[in-house]
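Colleague: To start, I am sharing the structure in question, which I have written as structure tokens.
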Amino acid sequence: MDAPTPQRPLGKSGLAVSAIGVGTNRWRAGVNDGAVKETYRELMAHGSPFIDTAEVYGFGKSERLIGDCLREHSGPAVVASKFAPFIARTSPRQMQAALDASLKRLGRDQIDLYYVHFPFPFTDLDTFGDGLVEAVKRGKAKAVGVSNFSSDQMRFLADRLARDDIPLAANEVHYSLLHRQPEKNGVLDACRDLDVALVAYFPLASGRLAAAPDGKDEKLGALQRTLAEVGQAHQASASQAALSWLLARDPHVMPIPGASKAAHATENLAALGWTLTDDEFAAIDKASAAMAPTR
């Protein structure tokens, strides 16, 4: 087995996970089982993978396929899933029912990290806090977090959870070199202040940061060339350079690029084998900053 991947803490939850996880929005039971199971075997070869899913991914098909993978491989894995608070589905009781259904699909008695997938308008945030507290007290979740929450919302939830001595483990948000709003809207600062992990989805901007320049967007092309040049200096890829930038940006950040093929998982995790120099970080940052007016 290869050397275990470097880990980062999920805030003050006591859990540590692979510094690069995997998003499973495209994992679908009955659709791409073979490719996904091969991908999972590759992830396991590097240690304990950090697997991110949600009840809405494929209407449960992602969780079911992950459950199959967990049953076929006895090694440890850290699994996160999410509760979707749709209209008329926001109460603590409904959250517990959704968590139980996710656990059944996963074939587990307890989930490592359970998120509220998004803040539903008109819902009192205390309601979400009550549900997350109940999930921990029932022993159904080791740690709890939020996704797509603003800095003020995550601070409110952190205070609510603290009343029951439960830390807010993570806020999962959109963050990449093409989408740097967490730096501007206070979310990254709140993660630092509260010691909460920032789990970054779409860290490769749906593949745009891994693509070769096509001449259509001069500023994007400049960033893509910079990433490619930095990657080549380390015998690595542009996508690895983009992931390395996020890891170097702040120790609270952990990207979860999607991977439904073993080769993609291997490439993503290889970004943990090297680090950017200060000059390389600055060059990528400058090229990304030039994109600001078009974000």
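The values are calculated or read from the model by the stated rules, or taken from the named source; none is laboratory data. Predicted, not measured: the structure shown is a model, and the values here were computed from it. Here the Cβ is made from the backbone with ideal geometry for all residues, glycine too, and neighbour counts use every protein chain on show. SASA here: full protein model, heavy atoms, side chains in, ligands and nucleic acids out. Shrake-Rupley method; radii C 1.70, N 1.55, O 1.52, S 1.80 Å.
Colleague: How would you order 144-150, 160-166 from highest to lowest mean count of nearby Cβ atoms within 10 Å?
Modeller: 144-150, 160-166
Colleague: What is the Rg over Rh value, at two decimals, for the range 144-295, using alpha-carbon atoms and the Kirkwood definition of Rh?
Modeller: Over the Cα atoms of the range 144-295, Rg/Rh equals 1.01.
Colleague: What order do you get for 59-70, 17-28, 207-218 when each peptide is scored by the mean count of other beta carbon atoms within 10 Å, highest first?
Modeller: Packing order, densest peptide first, comes out as 17-28, 59-70, 207-218.
Colleague: Once you wrap a convex hull around the alpha carbon atoms of the chain, what is its projected area averaged over all directions, in nm²?
Modeller: If you wrap the Cα atoms of the chain in a convex hull and average its projections, you get 15.1 nm².
Colleague: Which three extents, in angstrom, do the Cα atoms of the range 15-76 have along their principal axes, listed largest first?
Modeller: Taking max minus min along each principal axis of the Cα atoms, the range 15-76 gives 28, 21, 16 Å.
Colleague: What is the calculated FRET efficiency for Thr266 to Phe118, with r their C-beta to C-beta distance and R₀ = 41 Å, to the nearest 0.05?
Modeller: Computed FRET efficiency for Thr266 and Phe118 comes out at 0.85.
Colleague: Is the C-alpha gyration tensor of the range 1-49 telling us rounded, prolate or oblate? Criteria: a/c under 1.5 is rounded; beyond that, a/b larger than b/c is prolate, otherwise oblate. Don't jump to the answer; show the numbers that get you there.
Modeller: On the way: a/c = 3.69, a/b = 1.64, b/c = 2.25.
In terms of gyration-tensor shape, oblate.
Colleague: Enter the accessible area per residue of the chain (Å², integer; probe 1.4 Å; all protein chains in place).
Modeller: Computed with neighbouring chains in place, this is 43 Å² per residue.
Colleague: Which entries in the list Lys37/Lys137; Lys12/Lys82; Lys137/Lys184; Lys61/Lys137 go over 25 Å, if you measure between the two C-alpha atoms of each?
Modeller: From Lys37/Lys137; Lys12/Lys82; Lys137/Lys184; Lys61/Lys137, over 25 Å: Lys37/Lys137; Lys137/Lys184; Lys61/Lys137.
Colleague: I would also like to ask the following. Give me the percent of accessible area attributable to carbon and sulfur for the chain, probe 1.4 angstrom.
Modeller: Accessible surface attributable to carbon and sulfur in the chain totals 51 percent.
Colleague: Listed highest first by mean packing, meaning other Cβ atoms within 10 Å per residue, what order do 240-251, 32-43 come in?
Modeller: On the way: 240-251: 22.6, 32-43: 18.8.
Highest to lowest by the protection proxy: 240-251, 32-43.
Colleague: On full extension of the chain, what length is gained from Lys137 through Ala16, given 0.36 nm per residue of separation minus the C-alpha to C-alpha distance?
Modeller: Extra length from Lys137 to Ala16 when fully extended: 41.5 nm.
Colleague: Return the FRET efficiency for the residue pair Arg41, Asp109: r is the Cβ-Cβ distance, R0 is 25 Å, and the value is rounded to the nearest 0.05.
Modeller: Between Arg41 and Asp109 the formula returns 0.55.
Colleague: Over the chain, what is the mean sequence separation of C-alpha contacts under 8 Å (at least six apart), divided by residue count, expressed as relative contact order in percent?
Modeller: In percent, rounded to a whole number, it is 20.
Colleague: Under 8 Å for C-alpha pairs, at least 6 residues apart: give me the relative contact order for the range 1-117, rounded to a whole percent.
Modeller: Averaging sequence separation for qualifying contacts and normalising by length gives 25 percent for the range 1-117.
Colleague: Please list the non-local residues whose amide H lies under 5 Å from the amide H of Ala143, H modeled 1.01 Å from N, same-chain partners needing a gap of 5 or more.
Modeller: For Ala143, whose amide H was placed from the backbone, the distant partners under 5 Å are Leu113, Tyr114.
Colleague: At q = 0.18, 0.28 Å⁻¹, what is the base-10 log of I(q)/I(0) for the range 237-295 according to the Debye formula with one equal point scatterer per Cα and no solvent? Please give it to two decimals.
Modeller: -0.68, -1.19
Colleague: Now a separate question. Can you give me the C-alpha center-to-center distance between the range 253-291 and the range 76-134, rounded to a whole angstrom?
Modeller: Using only Cα atoms, the two centres lie 30 Å from each other.
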